Amino acid sequence: MTIAKAAISGQVAAAVVYAGTPEPRTSQLAAMLTLGLAARFAAVDAIAALVPYAETAAAVSMTSAIAALVPYATGIHSLPAASAIAELAVWGTAPPGSEARTRAWAFVFDGHPCYVLDLGEEGTFIYDTSTSGWAKFSTDGYVGWNMRIGTTWTEGNRIIGGDTFSANAWEMDPDTLIDEGFRDIYHAATGGVATRSRVYLGVESLRVIGSMGSLDDDTPVQFSLRFSDDNGKTWTATQDITLTVGDFGGEVAWRSLGSFMAPGRVFELTDYGGLQRIDGADIFIEDFDDISTKYLKQYGVYE
Amino acid sequence: MSNIIVDGFATYGIGVNSSAVNAALLAGVYSDINASQVSVGQGLPWNTSDTEWWLACTQTFSGGAYAVRRSMPTAISRAFFSMHVAVNALPTSNDQKGVIDFRNASNQIMGQLFIESTGALSFNFGNGSADSSGPVIGAETDYHLEMDIDTASKNFTLQVNGVTVITSTAAAWLHTGNLAQFALSLNSSAGGNSNVYVGSLIVRDTNGSYNNSFPIGDRRVATLLPDVDDAAQGWAVQPLHRFGPGVLALTGSLDGVLGAASAASDLGSGDFTIEGSFRFAALPLAGNKAVLFGKWGETANQRAYQLYLGGPSLENGWLVFRTSTDGTSGTVVEKIQWAWQPTVGQWYHIAVSRNAGNLQLFIDGVQVGLTVTDTDTYHATALERPVLGIQVNGITAVANTFLDGWNDEFRMTVGAARYTANFAPPTDKFPRNGDDPLWADVIWLSGWDSPSISNDTGGFALTGIGTANALTPSDGSYGWQVIDKSAPNDTTFIEASLIPATGLLTLTAVPANTETVTVGTKDGTAAAVYTFKTAIASAFDVLIGASISASVDNLVAAINGGVGAGVTYGTGTTANFDVTAAKQPSSQMQVTANTPGTGGNSIASTETLANGSWASATLTGGLNIPGYSQFGFSHLPRGAVIVDSVTLLSRQWKSDAGATTTTLSFVGGEGGVAAGATRAISGTPTAYFDTIEEDPDTTAGLTPNSILNGLVRVNRAT
């Protein structure tokens, strides 16, 4: 029995920040995107909206006479030292009610035509017309996806969008493994096996094939499985497998997963900063293709 | 700029009633703490998986207490406070447990925010209180509190999780004045065992146009630590590790390592080399001494040899190698003395070597002092032990003799001299076994890389005394690896030098009449030429003494313009414009450039002596202030969307009495630099905060990306 990659929730694309001159506000950006003013986005840079502070170091005197005729014994070997340096960043998440609905838009990504339905505080939903599947995109800290009012632009149909709050413009990048240069991307995929049988079916294992060794940094990633035997009302605790950068050949499988009966079992696979893609997942269920026979034997129909 | 105080409590260390945490809190941050029971830690007692850092006062006092009290940068009339608060249990009575109090410059409490037994909050202003209409706080729950306190209008507004629960307007406060101080986590025994935990403290003023509205919403403080060096690295890295992963810690007052009591460590009259890398945590005080190594039992008259650094009132603080031929004090001879003040926190390779009756002392591969003829047979004893790091009698440590610091790669070679002239100091572990042609002569070699104290030769066993231990420092060779310590760790750091050049003059005989010594200038232009004379007649004449020592004394006095004008040097001699001189105990003269830096390396030092010479034609060793260092930082928490300020936190000190200032700056991804304050650094490790904020300089804002791609620049200004 095989289940294919199912619905995807969570943001799947990473972003590159553009710096326009002058910096476009979100509303301006929307207008530009709508009107196709591509030239305004010719300048590409990794950073936007940085405080343009004046350089001061050049004004610093690098040497200075500290003292004259200082007795040798006391010395003037001044060696300022620092043992700890840190940044204390004051940060917050998007406050409630701050994500307004914006117009729907569409893009084609990896050959999949997608329709973006931005419902503000309800979230951002993507319909993949090639698979007829819905997915929910979101950015950590936001309710929805912070790439908004997008369009396709210039050769190659680059996918460009605005930001929920800032003057940034974003581009979807299928090759980047982290979002906005710092966020691990959360992926979640679910798939299930439905059955009307009241006979318990043992699950020997679930095995996943995907881009196992291609992770967003050198830190091992936890690839997690949980499942629900009541259509998602309750879930088991997650069972984690550690993925390692560069390990493309290792088997990723969960074994001895108990048993289930009607209404079936839903599997959920999740990771932060893990797989770029899942090629497929296989579950191995005891006698799954012989359910009716087993059922009838149990009730003595067949001897 | 509106965020004036930001504290995530993640950089003080962890502990309850911890002297290290308490010291860190008081090092330039909080003006007063309840030292007996301040608690700082990650997570909460009922939620250890919580990643936030919390501060609390966990001891009750009948008279009431607080965890910490802090002064505002300047006293102001209105401020906004944002913080996260949790309690393990609700108090058993009212007005005993509190979140915060607000004080004026006279330390009078203008208002206190109490948590009542019902879970209600009460703002007590001395003449009354304003309370929430019902319970708003429950046990074991994290709340975001945001307060607006206006001491001029005597208004107070409190929001809990975005909902206004107290509004007090123009109340009759008992005490008034500008807000000058505040205290956190109030505790009194009458409230039971309830503890108030405070985290993510942010204090804003009303300046500027951004981030000063009320409420601003839930904000937290992320403490980001360096995780990468930028290309420009001017500051020197001073990790605690030396060669290999381990070092020997000898920082306890009775710490040392004993070798076996045997004749193997007797040096006799033959060749030997005893050496190791040493790093001081502190120099000996007063009449104390720091014994580097020795075999020196005094109570049983088993003295043989010893190298130690004296305190200021012991041997003038000199480094001294002394020996005894019969174990008694009567035959003790201080063979080599050298005036040396090591810099705390730096590794030095120190070696004593005797070759065919010639005894030499080397620091970092450079001979210091003169070669001493030494054919003595050092006292032989199988009763006493060779000891590293302290002096012992038998196995009993002698008080006030410990080397407060660390050692690595200690080696005793008995029967062979390894050094007879200057050499390149070791850059790695000493060779072992067949890689060392003198391996058969090595009786003690310890690299301390094993978790236990051991002799790598396989020879006599070692015994650690006191708290001596082989440890593996958690630092590395990169700047960020030595300063990314969330808890203060002043044994691993980066430093920026400003070192004066020095020169050394050695006389091997009393100078002859009219021989000259030239060093520096009289006035910045004319060379200062000092002429030895049998009878002084003119300025810059120096009287030839009866001995080398006396002649050097006269020359030193002439160079410094010291006592003796008209007697030991010529009248009219002015103090040297460029250098200051001092006599070493070896009767060598050391001159030091008056202006530190590489400029001193061009100060000429020449002579016409028949029996004497300078170590080099110019002074050497002067170092300028290095260029800055920059560091990238770890990522923001995953959910970060808004970033409204960055505060640069550093812990700095200086090595000595010289003046120095430093500046920390936030460097944006596009090269813009926001400079913090230029600060005069003290000799005590102190925490400094520089808040970098978007407001009011520009409408552009900090973003998670600008934090990610930003750098912190560490610059020594003077």
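The values are calculated or read from the model by the stated rules, or taken from the named source; none is laboratory data. Fair warning: this is a prediction, and the values are worked out from it, not measured in the lab. So basically every Cβ, Gly included, is an ideal-geometry build from the backbone, and we count neighbours across all protein chains shown.
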Worksheet, complete the sentence: Residue pairs within 6 Å by beta carbon, gap of at least six or interchain, first lying in segment B:415-434 and within 29 Å of B:Thr377 (Cα to Cα) and in contact (Cβ under 8 Å) with a residue 24 or more places away in the chain, second surrounded by fewer than 16 Cβ atoms within 10 Å (Cβ to Cβ) and of a type in the set (Val, Ile, Thr), listed first then second, are B:Asn422/B:Val366
Discussion item. Given the condition closer than 30 Å to B:Ala130 by Cα, among the charged types (D, E, K, R) and either without any contact (Cβ under 8 Å) to a residue 60 or more places away in the chain or part of a loop (DSSP other than H, G, I, E, B) (or both), answer yes or no: does some residue in segment B:198-213 qualify?
Written reply: yes
Worksheet entry | The lone exception for B:His84 - which of (1) out of contact with any strand residue (DSSP E or B) (no Cβ under 7 Å at 6 or more places or on another chain); (2) touching a residue at least 40 places away in the same chain (Cβ under 8 Å) it fails | (1)
Worksheet item: Going by the structure shown, is B:Ser262 surrounded by fewer than 18 Cβ atoms within 10 Å (Cβ to Cβ), farther than 20 Å from B:Lys654 by Cβ and of a type in the set (Gly, Ala, Ser)?
Response: yes
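Hey, does segment A:137-144 have a residue that's over 18 Å from the mean Cα position of the chain (by Cα), surrounded by fewer than 18 Cβ atoms within 10 Å (Cβ to Cβ) and in a loop (DSSP other than H, G, I, E, B)? Break it down stepwise before answering.
If we filter segment A:137-144 for residues that are over 18 Å from the mean Cα position of the chain (by Cα), which is where we start, we get none.
No: zero hits.
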Worksheet, complete the sentence: Among (1) more than 25 Å from B:Val29 (Cβ to Cβ); (2) at the interface with chain A (Cβ under 7 Å from one of its Cβ atoms); (3) not hydroxyl-bearing (Ser, Thr, Tyr), B:Ile603 falls short only on (2)
Worksheet item: Does B:Asp449 qualify as being among the acidic types (Asp, Glu), within 24 Å of the chain's Cα centre (by Cα) and surrounded by 17 or more Cβ atoms within 10 Å (Cβ to Cβ)?
Response: no
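Being surrounded by 24 or more Cβ atoms within 10 Å (Cβ to Cβ) and facing chain A (nearest Cβ under 7 Å) is the filter; apply it to segment B:655-664 and report the residue that is farthest from B:Pro488 (Cα to Cα). Before you say what the answer is, go through the steps one by one.
Step one: list which residues in segment B:655-664 are surrounded by 24 or more Cβ atoms within 10 Å (Cβ to Cβ), which gives B:660, B:662, B:664.
After this cut, where a residue has to be facing chain A (nearest Cβ under 7 Å) as well, the list is B:660, B:662.
Details: B:Thr660: 22, B:Thr662: 19 Å.
Looking at residues that are surrounded by 24 or more Cβ atoms within 10 Å (Cβ to Cβ) and facing chain A (nearest Cβ under 7 Å), I get B:Thr660.
Taking strands (runs of 3 or more DSSP E) that fall entirely within segment A:202-285, which contain at least 2 residues that are closer than 21 Å to A:Arg183 by Cβ? Show your work before the answer.
On the way: elements: A:221-228, A:239-243, A:252-255, A:264-272, A:278-285.
It comes to A:221-228, A:239-243, A:264-272.
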Fill in: Every pair of residues 6+ apart whose Cβ atoms lie under 9 Å, when the first sits in segment B:522-548 and is closer than 17 Å to B:Thr574 by Cα while the second is assigned to a loop (DSSP other than H, G, I, E, B) and basic (Lys, Arg)
B:Ala528/B:Lys522; B:Val529/B:Lys522; B:Ala539/B:Lys522; B:Phe540/B:Lys522
Worksheet item: What tally of residues in segment B:292-324 results from selecting those that are polar (S, T, N, Q), more than 22 Å from B:His349 (Cα to Cα) and part of a strand (DSSP E or B)?
Response: 1
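From the list B:Ser634, B:Ser616, B:Ser655, which one is more than 23 Å from the chain's Cα centre (by Cα), of a type in the set (S, T, N, Q) and modelled with pLDDT under 90?
Answer to the selection: B:Ser634.
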Practice prompt. Report, by residue number, each residue of segment B:590-630 that is within 20 Å of B:Leu505 (Cα to Cα), in a strand (DSSP E or B) and of a type outside the set (Val, Ile, Thr).
Written response: B:Gln590, B:Ala593, B:Ala604, B:Ser605, B:Glu607, B:Gly612, B:Ser613, B:Trp614
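Does B:Tyr66 satisfy being in contact (Cβ under 8 Å) with a residue 12 or more places away in the chain, touching a Lys or Arg at 6+ places or on another chain (Cβ under 7 Å) and crowded, with 19+ Cβ neighbours inside 10 Å?
Details: in contact (Cβ under 8 Å) with a residue 12 or more places away in the chain: yes; touching a Lys or Arg at 6+ places or on another chain (Cβ under 7 Å): no; crowded, with 19+ Cβ neighbours inside 10 Å: yes.
No: the conditions fail for B:Tyr66.
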Worksheet item: What's the number of the condition B:Leu184 fails, among (1) at pLDDT below 95; (2) under 19 Å from B:Val68 (Cα atoms)?
Response: (1)
Worksheet item: Of the conditions (1) within 13 Å of another protein chain (Cβ to nearest Cβ); (2) at positive phi; (3) surrounded by fewer than 18 Cβ atoms within 10 Å (Cβ to Cβ); (4) not hydroxyl-bearing (Ser, Thr, Tyr), A:Gly120 fails just one. Which one is it?
Response: (1)
Worksheet item: Out of (1) touching a Pro at 6+ places or on another chain (Cβ under 8 Å); (2) more than 25 Å from B:Thr11 (Cα to Cα); (3) surrounded by fewer than 23 Cβ atoms within 10 Å (Cβ to Cβ), what's the single condition that is false for B:Asn88?
Response: (2)
Item to complete: Give the residues of segment B:685-703 that are within 9 Å of B:Ser650 (Cβ to Cβ) and either modelled with pLDDT under 50 or aromatic (Phe, Trp, Tyr) (or both), sorted by residue number.
Response: B:Tyr688, B:Phe689
Worksheet, complete the sentence: Taking segment B:6-28 and keeping only residues that are aliphatic (A, V, I, L, M) and within 16 Å of B:Trp54 (Cα to Cα), one is left with B:Val6, B:Ala10, B:Ile14, B:Val16, B:Val21, B:Ala24, B:Leu25
Worksheet, complete the sentence: Within segment B:666-676, restricting to residues that are more than 7 Å from chain A (Cβ to nearest Cβ) and touching a strand residue (DSSP E or B) at 6+ places or on another chain (Cβ under 6 Å), the one that is nearest to B:Thr595 (Cα to Cα) is B:Gly676
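Which one of B:Thr647, B:Thr592 is closer than 30 Å to A:Glu180 by Cα, in contact (Cβ under 8 Å) with a residue 60 or more places away in the chain and hydroxyl-bearing (Ser, Thr, Tyr)? Steps first, answer last, please.
Numbers: B:Thr592 fails: closer than 30 Å to A:Glu180 by Cα.
Within the list B:Thr647, B:Thr592, the selection yields B:Thr647.
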Worksheet entry | Positions within segment A:180-237 being at pLDDT 90 or above and basic (Lys, Arg), in sequence order | A:Arg207, A:Arg226, A:Lys233
Worksheet item: Which residue, of B:Thr169, B:Thr176, B:Thr157, is farther than 26 Å from B:Val40 by Cβ, away from chain A (no Cβ under 14 Å) and in contact with an Asp or Glu (Cβ under 7 Å, 6 or more places away or on another chain)?
Response: B:Thr157
Response to the item:
If we keep only residues of segment A:77-113 that are out of contact with any strand residue (DSSP E or B) (no Cβ under 8 Å at 6 or more places or on another chain) and facing another protein chain (nearest Cβ under 7 Å), then the residue modelled with the lowest pLDDT is A:Ser78
Worksheet, complete the sentence: The correct count of residues that are of a type outside the set (S, T, N, Q), more than 14 Å from B:Ser122 (Cα to Cα) and touching a strand residue (DSSP E or B) at 6+ places or on another chain (Cβ under 9 Å) in segment B:150-172 is 5
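Go through segment B:631-671 and give me each residue that's under 29 Å from B:Asn212 (Cα atoms), in a strand (DSSP E or B) and either of a type in the set (A, V, I, L, M, F, W, C) or out of contact with any Ser or Thr (no Cβ under 9 Å at 6 or more places or on another chain) (or both). Give the steps one after another, and end with the answer.
Taking segment B:631-671 and keeping what is under 29 Å from B:Asn212 (Cα atoms), we get B:632-651, B:663-671.
Right, trim to in a strand (DSSP E or B) and you get B:632-633, B:642-651, B:663-667.
Those that are under 29 Å from B:Asn212 (Cα atoms), in a strand (DSSP E or B) and either of a type in the set (A, V, I, L, M, F, W, C) or out of contact with any Ser or Thr (no Cβ under 9 Å at 6 or more places or on another chain) (or both): B:Gly632, B:Phe633, B:Ile642, B:Val643, B:Val646, B:Leu648, B:Leu649, B:Leu664, B:Phe666, B:Val667.
How many residues, within segment B:237-286, are in a strand (DSSP E or B), within 30 Å of B:Pro226 (Cβ to Cβ) and charged (D, E, K, R)? Even if it seems obvious, please write down each step before you answer.
So in segment B:237-286, the residues in a strand (DSSP E or B) come out as B:237-238, B:247-250, B:256-258, B:272-280.
Now drop any that are not within 30 Å of B:Pro226 (Cβ to Cβ), which leaves B:237-238, B:247-250, B:277-280.
Checking which are charged (D, E, K, R) leaves us with B:279.
So the count comes out to 1.
Output the number of residues of segment B:321-378 satisfying the condition of being at positive phi and touching a Phe, Trp or Tyr at 6+ places or on another chain (Cβ under 9 Å). Write out each step before concluding.
We begin by selecting, within segment B:321-378, every residue at positive phi; these are B:327, B:345, B:356-357, B:364-365, B:369.
Subsequent filtering for residues that are touching a Phe, Trp or Tyr at 6+ places or on another chain (Cβ under 9 Å) retains B:345, B:364-365, B:369.
The qualifying residues number 4.
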